[in-house]
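Colleague: Take a look at this one; I'll ask things after.
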Amino acid sequence: MDTTYAITLCEGTSCMQQGMRHLSAVLDEQLEKHGLKDRVKINISGCLGMCHKGPIMVVNPGYTLYGGLKEADVVQIVEEHLIKGRPIARLVIEEDHLFNRFFRIFGDVNFFGKQMRIALRNCGIIDPENIDNYLALRGYEALAKALTDMTPQGVIDELKTSGLRGRGGAGFPTGLKWQFTADQDNDEKYVICNADEGDPGAFMDRSAIEGDPHTVLEGMIIGGYAIGATQGIIYIRAEYPLAIERLEKAIDQAREHGLLGDNILDTDFCFDLEIRLGAGAFVCGEETALIQSIEGGRGMPRPRPPYPSVSGLFGKPTLINNVETWANIPVVIVDGGEWFSSIGTEKSKGTKVFALAGKVVNTGLIEVPMGTTLREIIYDIGGGIPNGKSFKAIQTGGPSGGCLPAEYLDTPVDYESLAEAGSIMGSGGMIVIDEDSCMVDIAKFFLEFTQSESCGKCTPCREGTKRMFEILTRITEGKGCEGDIEKLERLGDMIQKSSLCGLGQSAPNPVLSTIKNFREEYEEHIRDHICRAKVCTSLIAYKVNDACVGCGACKRACPVHAISGRTKQKHTIDQTQCVRCGICFTTCKFNAIDKI
Amino acid sequence: MANALDVIRKKRAEAVGRIISKGYLSNKRVYVGMATCEMAAGSKEVMKVFRDAVTQGGLTDVYLSQKGCAGRCNLEPTVEVVEAGKLPVRYGKIDAQKAQEIVDKHLKHGQVINEWVID
């Protein structure tokens, strides 16, 4: 045997129940026996979504998908396939799910092993600027299937069966939303894709569109068919020039192939798409503000009801979904709602895309089955915390979400569990925070963002976030006073209860969740003037220790000339002059400067 | 009259035909990550090296394509080499100079440059 193999074992709940652990031991034993251990790499994956055919094993290269395995089968796979290079036909599963392509190529890397890519199934695999690549991977087959074999109501029923929920953050059941819009009796209806991704540190929608624009188009065309709309609009922020360029190309190519425009795929169905650019206001991600913005008005939310499904764009029934939701639609149609609902947890089906960022080894864009724990995401996929630091918290849901400390690491990722823990799913931002970060400072960062993005319509949001920001600023400057924490809690509670839209209702979340989980850090800042992470510059000082050799490097580097001392003698820092920029600390080669 | 499913099947067959006619069945396929993030990390220069190698550098039996983001933000730009019958090799943090080395060593002589491989 010359080839190196990578075997992926499915450790989804169902495969585990069907004896995967035992098979894994048998495999191990066999590899040992034949001396193949260093030539076969074993990976574990989360549920591969073929539970009825479990236990599942994938052998790469070649992507041979084995199912229904028994102990003797594993022995045979090792002897026949691995040693003699002859795959065993009777054990191979022939099912061709859309997402399988991803595992065909990436299933052998640990970073991808726990992932399952449905929305991002083609991202990083195909050339996004060439429709042939998408067509070759069963692209637009879902649309054709809907147009040929399904009534509009049939499409909606399939979505209801799938249990798919809105991926923009709120998690509203997609099938219901489509039903409401379809039920409206109106000749003119609209379909909108919300690609106004604004969370700091989030790039799920951008990557999805840049990597595979056609899946979004296909989802939207199916949406148009299901609800009876002929016009769709993609609202995308102007800051994403490449995504816009690729969408434009994709729309042109789809038109050339008769997939957009009149009589799609030689049927009676007509539908077309256009792109509208957003100017980057965060609040325009809120659906009613987004609609106002498309209409040419100022991007401000309005009270609901009426919901857009009843009265949306230009007062017409409008179906508005997020990029990731749209990207899931073709898979639900081709592979079926029942299959889709076999992935995930009881109330949250399918997968979720996250932008994993912050203090984690493998930052990146990931898609995991619902129910994956935060620990698996951070340590198995993310590779843990770099530089030997310890985990402090994870911030989910962007500026609308909360920070969860270590005791919540085993929380499964789904809409309900995250909400119970005190955070939200949000659109998919995930920022890992280590011991070097100050929680008050983090809360201040997010609040500063929402505060400046508040549209100003509701006083509690406009003024309240400003006051909260002022209080946080003074706490980080060591000027906090007793009662500040309670003031923050009261203001936060009030803003949540009295704001019109999701921006205001969620703006206090980062502050409230850090107070709940890291109250002692707030108290230390206020009472003891200590920032334990040594981040808040007003609360730290730099001092020279005895390791100083008097080289003078810090003295030359100091921008305010606060350091004095003779050559080859210990230097000192004048605390009244020091601006705590930290340049001396990073300049010193002898670790002679302490941050205290 | 053909129904929509028949139409799309025909389109798929034609699409596959066009992809193959562009050399997809070459012994080696090279994919360069070209999303905004990859480009910011320098993937355009990397792409140019491979393109020049294919158009002027005498590199044959190689299918070159761009791709979207595979999610490895900290290792961009990424380059993937898929060789018939072998495990795909993914390189991370590739610049123009490294790309040239991949052309010279891996693509021309089959030597995988292990130190840049993502695992």
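The values are calculated or read from the model by the stated rules, or taken from the named source; none is laboratory data. Since the model is a prediction, treat every value here as computed from it, not as a measurement. Positions of Cβ are backbone-derived with ideal geometry, glycine not excepted, and every protein chain shown enters the neighbour counts.
Colleague: In segment A:340-371, how many are within 14 Å of chain B (Cβ to nearest Cβ) and of a type in the set (Phe, Trp, Tyr)?
Modeller: Of the residues in segment A:340-371, 1 are within 14 Å of chain B (Cβ to nearest Cβ) and of a type in the set (Phe, Trp, Tyr).
Colleague: Say whether the condition of being at pLDDT 95 or above and surrounded by fewer than 24 Cβ atoms within 10 Å (Cβ to Cβ) is met by at least one residue in segment A:194-217.
Modeller: no
Colleague: Out of all the residues in segment A:21-39, is one or more among the small types (Gly, Ala, Ser), surrounded by 19 or more Cβ atoms within 10 Å (Cβ to Cβ) and more than 16 Å from A:Tyr5 (Cβ to Cβ)?
Modeller: Checking segment A:21-39: not a single residue is among the small types (Gly, Ala, Ser), surrounded by 19 or more Cβ atoms within 10 Å (Cβ to Cβ) and more than 16 Å from A:Tyr5 (Cβ to Cβ).
Colleague: From A:Gly350, A:Gly398, which residue is closer than 28 Å to A:Gly285 by Cα and modelled with pLDDT under 90?
Modeller: A:Gly398
Colleague: May I ask you to verify whether B:Cys73 is within 19 Å of B:Ala96 (Cβ to Cβ) and within 10 Å of another protein chain (Cβ to nearest Cβ)?
Modeller: No: the conditions fail for B:Cys73.
Colleague: Being away from chain A (no Cβ under 14 Å) and over 16 Å from B:Ile102 (Cα atoms) is the requirement here; does B:Ser21 meet it? Step through it out loud before you land on a result.
Modeller: On the way: away from chain A (no Cβ under 14 Å): no; over 16 Å from B:Ile102 (Cα atoms): yes.
The answer is no for B:Ser21.
Colleague: Then there is this: Restricting to segment A:447-462, count the residues that are among the small types (Gly, Ala, Ser) and surrounded by fewer than 19 Cβ atoms within 10 Å (Cβ to Cβ).
Modeller: Going through segment A:447-462 one residue at a time, the tally reaches 2.
Colleague: Still on this structure, please answer the following. All but one of (1) small (Gly, Ala, Ser); (2) at pLDDT 95 or above; (3) in contact with a helix residue (DSSP H, G or I) (Cβ under 8 Å, 6 or more places away or on another chain); (4) farther than 16 Å from A:Thr215 by Cα hold for A:Ala254, so report the exception by its number.
Modeller: (4)
Colleague: So which residues in segment A:135-147 are at the interface with another protein chain (Cβ under 8 Å from one of its Cβ atoms) and either touching a Ser or Thr at 6+ places or on another chain (Cβ under 8 Å) or part of a loop (DSSP other than H, G, I, E, B) (or both)?
Modeller: Correct list: A:Arg138, A:Gly139, A:Tyr140, A:Leu147.
Colleague: Something else now. Within segment A:179-221, track down each residue that is touching a strand residue (DSSP E or B) at 6+ places or on another chain (Cβ under 6 Å), part of a helix (DSSP H, G or I) and more than 14 Å from chain B (Cβ to nearest Cβ).
Modeller: A:Thr181, A:Met220
Colleague: Across segment B:69-109, which residue is nearest to B:Met39 (Cα to Cα) among those that are polar (S, T, N, Q) and at pLDDT 90 or above?
Modeller: The selected residue is B:Thr78.
Colleague: Here are some residues: A:Leu273, A:Leu265. Which one is surrounded by fewer than 24 Cβ atoms within 10 Å (Cβ to Cβ), in a strand (DSSP E or B), of a type outside the set (S, T, N, Q) and at pLDDT 95 or above?
Modeller: Sole residue among the options that is surrounded by fewer than 24 Cβ atoms within 10 Å (Cβ to Cβ), in a strand (DSSP E or B), of a type outside the set (S, T, N, Q) and at pLDDT 95 or above: A:Leu273.
Colleague: Also, quick follow-up: Inspect segment A:232-245 for any residue being among the small types (Gly, Ala, Ser), crowded, with 21+ Cβ neighbours inside 10 Å and within 16 Å of A:Glu141 (Cα to Cα) and give the result as yes or no.
Modeller: Filtering segment A:232-245 down to residues among the small types (Gly, Ala, Ser) leaves A:232, A:238, A:243.
Filter once more, keeping what is crowded, with 21+ Cβ neighbours inside 10 Å: A:232, A:243.
Subsequent filtering for residues that are within 16 Å of A:Glu141 (Cα to Cα) retains none.
No, because not a single residue in segment A:232-245 is among the small types (Gly, Ala, Ser), crowded, with 21+ Cβ neighbours inside 10 Å and within 16 Å of A:Glu141 (Cα to Cα).
Colleague: Now, a different point. Quick check on segment A:515-522. Is at least one of its residues of a type in the set (A, V, I, L, M), buried (at least 20 other Cβ atoms within 10 Å of the Cβ) and under 29 Å from A:Pro405 (Cα atoms)?
Modeller: Yes, there is a match, as at least one residue in segment A:515-522 is of a type in the set (A, V, I, L, M), buried (at least 20 other Cβ atoms within 10 Å of the Cβ) and under 29 Å from A:Pro405 (Cα atoms).
Colleague: Scan segment A:428-475 residue by residue and report those that are aliphatic (A, V, I, L, M) and under 18 Å from A:Leu488 (Cβ atoms).
Modeller: A:Met439, A:Val440, A:Ile442, A:Ala443, A:Leu447, A:Met468, A:Ile471, A:Leu472, A:Ile475
Colleague: With a cut-off of at least 2 residues that are of a type in the set (A, V, I, L, M) and not assigned by TED's automatic domain parsing to the domain that holds A:Thr396, name the helices (runs of 4 or more DSSP H) lying wholly within segment A:484-596.
Modeller: A:484-498, A:509-523, A:553-557
Colleague: Go through A:Leu48, A:Leu91, A:Leu65 for me and flag whichever is of a type in the set (A, V, I, L, M) and either over 22 Å from A:Val332 (Cα atoms) or at pLDDT 90 or above (or both).
Modeller: Unique residue meeting the criteria: A:Leu91.
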